[in-house]
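Working notes for the structure below.
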Amino acid sequence: MSEGQAENWKVEEARSYHEATKHTYVSVRMPGRGLDWANRPYPFKVYLDAKKVALPSEFGSPSSDLPSALSSPRNSGRKVDLRSLAELLFYSAGITRVYRYPFGERYYFRAYPSTGALYQTEVYVVVADVSGLGPGVYHFDPGEFALSLIREGDYRANLSELTGDEEVKGCDLALVLTSIAWRNAWKYGPRSYRHWFWDGGTLFANVLALAGALGLRHEVLMGFVDEGLNLLLGIDGWKEAAIAVVPVWSGGASRARERLPLNEVSLRVLPLSRREVEYEEVLRAYRASRLSDASEVSRWRELASSMGPLRVEVEGERFKMPGPPAGTRLPPLGEVILRRGSTRRFARLPIEGWKLGFVLRTMYSPLRADFLEGAGSTVTSFLIVNAVEGLRPGSYVYDAPRDELVLLKEGNFRRVAEYLCLEQELGGDASATLFLMAPLEKVLASLGNRGYRAAQFEAGVRAGLAYLAAYSVGIGATGLTFYDEDVKAFFEPFSAEMENMLVVALGVPAYRPKPGSVHVGVVRHPTG
Ligand SMILES: Cc1cc2nc3c(=O)[nH]c(=O)nc-3n(C[C@H](O)[C@H](O)[C@H](O)COP(=O)(O)O)c2cc1C
């Protein structure tokens with residue numbers, strides 16, 4: 001067993017990271033680091049001397065509704081061209097809102113929700129067969145709406161080897177999501193490692209909907225050789241690291257033949273800020289979850305497929321939420337993504353039961369993910385229901401395979417929900433607050449420290465789908481952070497063995513949110 005192999009199975013690393021980064025009533029009141037605004041990281045990665053390819057500013061808008069996008073037939077046979085790549089990238093990670101603050105500063109909000117609007121997730125594209133674009137490895141810059149060329153050539157055979165997935169050789173392109181540690185750690189310190197996966201997950205939720213809308217089959221791979229993939233992208237696996245690979249197939253692409261040699265990439269990049277701080281906890285948790293070679297990846301994947309379902313069996317009164325009323329028409333996905341934003345205040349009004357049902361069903365759409373082949377899902381939704389038609393206020397758990405809510409405890413828990421969500425009013429004012437929990441020890445036992453990445457990522461994906469579903473049916477949503485141990489304690493005994501991954505609150509916004517719009521090429525980066 002190589003050193004790396006041993007490392008992933010020392011699961012006390014993930015366990016102790018998780019324990020050390022729990023929020024408590026006391027921890028959030030400790031004298032804080034305070035935010036050093038003058039040292040705020042720049043929210044875009046800028047290559048100073050790479051060759052740039054402008055993406056077309058005219059591209060389509062995904063016109064299918066969310067359920068059709070999530071279930072549409074794959075492999076349309078229509079090859080990806082530059083315009084459909086622009087559509088995929090814009091609606092997954094493009095700029096949908098620009099806020100101008102006093103003193104002229106601008107803030108750019110994106111198509112997906114991200115903790116603290118810090119956007120540490122970067123998107124790379126390994127392109128082989130996209131008409132209008134030479135084969136290569138590119139970095140997507142949502143600000144200039146351009147691709148920076150990192151390497152020229154068809155690297156799908158390399159990617160196929162690094163992910164242990166033969167099929168990758170025939171993909172049209174693969175997106176690789178990475179995380180830039182300092183950009184989120186600036187505000188969140190050690191807890192930011194969780195955010196790598198939450199925000200990567202919400203971004204991926206958009207990608208998976210877009211791929212469906214464009215008639216592209218996709219999957220998400222969290223098993224890969226870390227060092228090799230970081231080298232392919234030209235990143236150091238220290239300040240920035242790969243977290244997920246998403247190949248997409250039209251069915252019409254050629255097949256890669258051979259691996260290309262990988263030399264070091266030495267492109268200059270704009271510094272993020274004057275000074276960067278490294279958090280030992282983040283580095284340790286990341287490093288302990290690396291997979292060192294192709295055989296470790298394939299072994300990891302085998303273990304994933306034998307993980308088995310992780311269901312929570314609970315006895316209790318069961319409720320089936322109705323489907324949408326006859327004649328309900330849902331807006332096109334493009335409109336939903338532009339409207340999406342995190343609700344800043346909820347009106348404490350009830351939502352219709354079918355809307356909660358729609359959100360839950362959408363969240364639990366089957367995911368094509370390498371770590372879920374056996375389990376189906378690592379994440380169970382526990383709920384505090386405050387105001388949902390057809391349900392008595394109380395705590396519930398969602399039995400996803402049966403599509404039923406099980407009543408755990410009846411009562412008015414608005415104040416509790418607010419408290420659990422780090423005393424944020426949003427948690428208590430929502431119509432329903434969802435606590436996405438995973439049986440962490442079981443996941444770690446099957447997947448090692450890498451399972452920690454996977455469970456946090458899956459929670460992010462389910463949360464991203466919840467946002468899209470909520471905005472499809474005209475209600476609001478927001479992700480929320482939480483007091484870890486108090487959430488567990490509230491749902492006991494049903495939450496035994498569970499750890500909370502993240503929270504999503506759903507409800508009626510207390511204001512009329514303004515929709516976003518398409519902003520491409522709106523940022524002029526500093527030049528160094
Ligand atoms: C996983 C996750 C957790 C979040 N936690 C909080 C939170 O605790 N409090 C809050 O006000 N907003 C929270 N947000 C919302 C972000 O602040 C918001 O996504 C970001 O500011 C970007 O704005 P937008 O979602 O409106 O585009 C969270 C978002 C995500 C994805």
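The values are calculated or read from the model by the stated rules, or taken from the named source; none is laboratory data. Please read these numbers as outputs of a predicted model, since none were measured by experiment. Cβ atoms come from the backbone with ideal geometry, glycine included; neighbour counts cover every protein chain shown. Ligands, DNA and RNA are stripped out before the accessible areas are found, and what is left, the full protein with its side chains, is counted by its heavy atoms. Shrake-Rupley method; radii C 1.70, N 1.55, O 1.52, S 1.80 Å.
For this structure, a couple of remarks:
- A simple spin-label model places the labels of Leu270 and Leu283 2.7 nm from each other, with each point 7 Å out along Cα-to-Cβ.
- Computed over the range 223-285, Cα set: Rg, Dmax in Å: 15.7, 47
- log₁₀ of I(q)/I(0) at q = 0.17, 0.19 Å⁻¹ - the range 248-381, Debye sum with one point per alpha carbon: -1.29, -1.31
- Spin-label model distance (nm) - Asp236 vs Glu166, 7 Å beyond Cα toward Cβ: 3.9 nm
- Solvent-accessible area of His23 with every protein chain in place, 1.4 Å probe, in Å² to the nearest 10: 50 Å²
- When the alpha carbon gyration tensor of the range 344-499 is reduced to an equivalent ellipsoid, the three semi-axes, largest first, read 24, 18, 14 Å.
- Each peptide in 321-332, 398-409 gets a packing score, the mean of other Cβ atoms within 10 Å over its residues, and the list from highest to lowest is 398-409, 321-332.
- Note on the range 371-434 and the range 64-110: Cα centroid distance 29 Å, given to the nearest whole angstrom.
- Multiplying the residue separation of Ser298 and Arg100 by 0.36 nm and removing their Cα-Cα distance gives an extension gain of 66.4 nm.
- Cα shape, the chain, gyration tensor, a/c 1.5 rule: rounded
- Descending semi-axes in Å of the range 133-185, equivalent ellipsoid built from Cα gyration tensor: 23, 16, 9
- Across all C-alpha atoms in the range 284-357, the radius of gyration and Dmax reach 21.5, 54 Å.
- List Asp154, Asp370, ordered by accessible area with a 1.4 Å probe, largest first: Asp154, Asp370
- Ligands, DNA and RNA excluded, the heavy atoms of Thr481 present near 30 Å² of accessible surface to a 1.4 Å solvent probe.
- Estimated from the Cβ-Cβ distance and a Förster radius of 25 angstrom, the FRET efficiency linking Ala347 and Glu410 is about 0.60.
- Where the Cα pairs of the range 8-58 fall when distances are cut into 5 Å bins, in %: 4, 11, 10, 11, 11, 12, 12, 10, 11, 7, 0
- Accessible area per residue, Å², the chain with all protein chains present, probe 1.4 Å: 38 Å²
- Kirkwood-type hydrodynamic radius, the range 174-287: 15.9 Å, calculated from all non-identical alpha-carbon pairs.
- Hull volume in cubic angstrom per residue (convex hull over the Cα atoms of the range 411-528): 179 Å³
- Computed on the range 390-493, with alpha-carbon pairs under 8 angstrom and 6+ residues apart, the relative contact order is 19 percent.
- To the nearest 10, the accessible area of Phe413 is 30 Å² with a 1.4 Å probe.
- Dividing the convex hull volume of the alpha-carbon atoms in the range 327-367 by its residue count gives 126 Å³ per residue.
- Violating pairs (Cα-Cα greater than 18 angstrom) within the set Lys320/Lys442; Lys442/Lys488; Lys22/Lys488; Lys187/Lys239; Lys10/Lys239: Lys320/Lys442; Lys10/Lys239
- On the chain, 51 percent of the accessible area sits on carbon and sulfur atoms, based on a 1.4 Å probe.
- Expected 222 nm ellipticity per residue - DSSP helices of 4 or more, -39500 (n - 2.57), all of the chain, to 500: -9000 deg cm²/dmol
- Span per principal axis, largest first, for the Cα atoms of the range 173-238 (Å): 39, 26, 17
- Across the chain, the mean sequence separation of Cα contacts (distance under 8 Å, 6 or more residues apart), normalised by length, yields a relative contact order of 20 percent.
- Overall Cα dimensions of the range 1-132 - principal axes, largest extent first, Å: 56, 53, 40
- Ordered by solvent-accessible area of protein heavy atoms (1.4 Å probe), largest first, the residues Lys355, Lys10 come out as Lys10, Lys355.
- Whether the range 76-131 is rounded, prolate or oblate, judged on the alpha carbon gyration tensor where a/c under 1.5 counts as rounded: prolate
- The modelled label-to-label distance for the pair Ser63/Lys320, using points 7 Å beyond Cα in the direction of Cβ, is 3.5 nm.
- Three-way shape call for the range 448-487 based on the alpha-carbon gyration tensor, with the a/c threshold at 1.5: oblate
- Potential lengthening of the chain between Arg255 and Lys52 amounts to 70.5 nm, from the contour at 0.36 nm per residue minus the alpha-carbon distance.
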